[in-house]
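Chemist: My questions will all concern the structure given below.
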Amino acid sequence: MAQYNTETTLNALYKEVYADKLENLIPENIRLLKMIPFQESDSTGDKYIQPVMLSHEHGFSVGTGAYSLNNHIASVNAEAQVEGYQMLLRTAIGYDAADRMAGGKKSFVKWGDQLFMNMLNSISKRLEVLQLYGRSSLGQVLSNATGVLTMTVPSWAPGIWAGMVGAELEAYTAVASGSQHDATLTVTAVDLGARTVTVSGTSSAVVANDYLYFKGFYAAEQYGLDAIITNSGTLYNISAATYELWKGSSVSAGSAALTMAKVLNGSSKAAERGCEEDMTLICNPSTWANLNSDQ
């Protein structure tokens, strides 16, 4: 019986075709890190000290002819004392894996190039998150359905969670002086559309209003912009409760879409405190879409 060649009979003659490079699907997300560059010359030995002026002189007197003078009231100056924070990324590779990734025909990239570049990207992403939300948490839990944690709308930042599968977390009852619920939680899945973070490990005690942090970072990480702006106590050796110029300005968007009117309202609060420089708006891409639509 006549027989023609098929894909099966010719299978040994086919070649597999591989791409010529590795495609990195993890988003960069280090905008703030680029806006605030690291200055090696300013790295601290003990603390970084910045003198600041917090109030005017107030010993004024007015009158005509001979008149008595009111008491002198000196301006207040203080030292903002900023301490540095350490963050170390630990990784490892087996000898056999390193040998197989020596480059050339063995692998797409050399193990050293790939490993160290991935470490640089990872620590840059972690630092970016801390610069924004250090001491404020990664987000607040709305509900827990057997390890599927739905986050609240105001605290949901998709840029934080993209590429976070495998990260280890901890849940606390408050952003300061809280107690921990359960032990280590490992991220196994993220649904950016549903605002959910699925975790493995015991999570039965994690409840609504709990705050998520990277493992070991609670009360030890640097202060991010959110924590600095919302601070109402003593931070960096100066009390925001005493000196209004040390306190950030917060304006509610009313749980609604951002508009230019709201942006201008917020920027006006900074201007009231003496800001005369150009301002930069940092917002979620979805929020930017709302703002662009408003315009």
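Chemist: Quickly run through segment 151-172 and pick out the residues that are open to solvent by less than 30 Å² (accessible area, probe 1.4 Å) and either farther than 16 Å from PHE217 by Cβ or assigned to a loop (DSSP other than H, G, I, E, B) (or both).
Modeler: Scanning segment 151-172 gives MET151, THR152, ALA157, ALA162, MET164, ALA167.
Chemist: Scan segment 189-200 and give yes if some residue there is at positive phi, of a type in the set (Lys, Arg) and open to solvent by 20 Å² or more (accessible area, probe 1.4 Å), otherwise no.
Modeler: There is at least one residue in segment 189-200 that is at positive phi, of a type in the set (Lys, Arg) and open to solvent by 20 Å² or more (accessible area, probe 1.4 Å).
Chemist: Related question: Out of the residues in segment 75-96 that are assigned to a strand (DSSP E or B) and not β-branched (Val, Ile, Thr), state the one that is farthest from SER124 (Cα to Cα). Before the answer, list the steps.
Modeler: First, the residues of segment 75-96 that are assigned to a strand (DSSP E or B): 77-83.
If we keep only those that are not β-branched (Val, Ile, Thr) as well, we get 77-81, 83.
Working: ASN77: 35, ALA78: 33, GLU79: 30, ALA80: 26, GLN81: 25, GLU83: 20 Å.
Ranking the qualifying residues of segment 75-96, first place goes to ASN77.
Chemist: Please determine, by comparing only the residues of segment 48-62 that are β-branched (Val, Ile, Thr) and without any contact (Cβ under 8 Å) to a residue 40 or more places away in the chain, which one is most open to solvent (accessible area, probe 1.4 Å). Working first, answer last.
Modeler: First, the residues of segment 48-62 that are β-branched (Val, Ile, Thr): 49, 52, 62.
Those left that are additionally without any contact (Cβ under 8 Å) to a residue 40 or more places away in the chain: 49, 62.
Details: ILE49: 71, VAL62: 134 Å².
Per the stated criteria, the residue is VAL62.
Chemist: Condition test on LEU142, is it part of a strand (DSSP E or B), open to solvent by less than 50 Å² (accessible area, probe 1.4 Å) and touching a residue at least 12 places away in the same chain (Cβ under 8 Å)?
Modeler: Values: part of a strand (DSSP E or B): yes; open to solvent by less than 50 Å² (accessible area, probe 1.4 Å): no; touching a residue at least 12 places away in the same chain (Cβ under 8 Å): yes.
In short, no.
Chemist: So SER203 clears everything in (1) in contact with a strand residue (DSSP E or B) (Cβ under 6 Å, 6 or more places away or on another chain); (2) modelled with pLDDT under 95; (3) of a type outside the set (A, V, I, L, M) except one condition, right? Which one?
Modeler: Just one mismatch for SER203, condition (2).
Chemist: Could you please let me know if GLY178 is assigned to a helix (DSSP H, G or I) and surrounded by fewer than 20 Cβ atoms within 10 Å (Cβ to Cβ)?
Modeler: No: the conditions fail for GLY178.
Chemist: If you check ALA261, ALA240, ALA271, ALA256, which single one turns out to be under 26 Å from TRP161 (Cβ atoms), small (Gly, Ala, Ser) and open to solvent by less than 90 Å² (accessible area, probe 1.4 Å)? Explain how you work it out, then say what you get.
Modeler: Numbers: ALA261 fails: under 26 Å from TRP161 (Cβ atoms); ALA240 fails: under 26 Å from TRP161 (Cβ atoms); ALA271 fails: under 26 Å from TRP161 (Cβ atoms).
After applying the criteria, what remains is ALA256.
Chemist: Is there a residue being within 28 Å of ASP46 (Cβ to Cβ), modelled with pLDDT of 90 or more and of a type outside the set (Lys, Arg) anywhere in segment 58-73?
Modeler: For segment 58-73, residues within 28 Å of ASP46 (Cβ to Cβ), modelled with pLDDT of 90 or more and of a type outside the set (Lys, Arg): absent.
Chemist: Also: How many residues are surrounded by fewer than 19 Cβ atoms within 10 Å (Cβ to Cβ) and either among the hydrophobic types (A, V, I, L, M, F, W, C) or assigned to a strand (DSSP E or B) (or both) when one looks only at segment 218-227?
Modeler: Number of matching residues: 3.
Chemist: Do you know which residues across segment 243-253 are open to solvent by 60 Å² or more (accessible area, probe 1.4 Å) and among the hydroxyl-bearing types (Ser, Thr, Tyr)?
Modeler: Those that are open to solvent by 60 Å² or more (accessible area, probe 1.4 Å) and among the hydroxyl-bearing types (Ser, Thr, Tyr): TYR243, SER250, SER252.
Chemist: Ok, one more. Does segment 201-217 hold any residues that are open to solvent by 60 Å² or more (accessible area, probe 1.4 Å) and in contact with a Ser or Thr (Cβ under 6 Å, 6 or more places away or on another chain), and which are they?
Modeler: Of everything in segment 201-217, just one residue is open to solvent by 60 Å² or more (accessible area, probe 1.4 Å) and in contact with a Ser or Thr (Cβ under 6 Å, 6 or more places away or on another chain), namely LYS215.
Chemist: Is it the case that some residue within segment 188-200 is in a helix (DSSP H, G or I) and either at pLDDT 95 or above or over 17 Å from ASN284 (Cβ atoms) (or both)?
Modeler: Scanning segment 188-200, I find no residue that is in a helix (DSSP H, G or I) and either at pLDDT 95 or above or over 17 Å from ASN284 (Cβ atoms) (or both), so the answer is no.
Chemist: Just to be sure I understand, how many residues within segment 218-239 are free of Cβ contacts under 8 Å to residues at least 24 places away in the same chain and not aliphatic (A, V, I, L, M)?
Modeler: The number of residues fulfilling the criteria is 5.
The values are calculated or read from the model by the stated rules, or taken from the named source; none is laboratory data. Bear in mind that the values here come from a model prediction, so they are computed numbers and not experimental data. So basically every Cβ, Gly included, is an ideal-geometry build from the backbone, and we count neighbours across all protein chains shown. We work out accessible area using only protein heavy atoms, side chains counted, and drop any ligands, DNA or RNA first. Shrake-Rupley method; radii C 1.70, N 1.55, O 1.52, S 1.80 Å.
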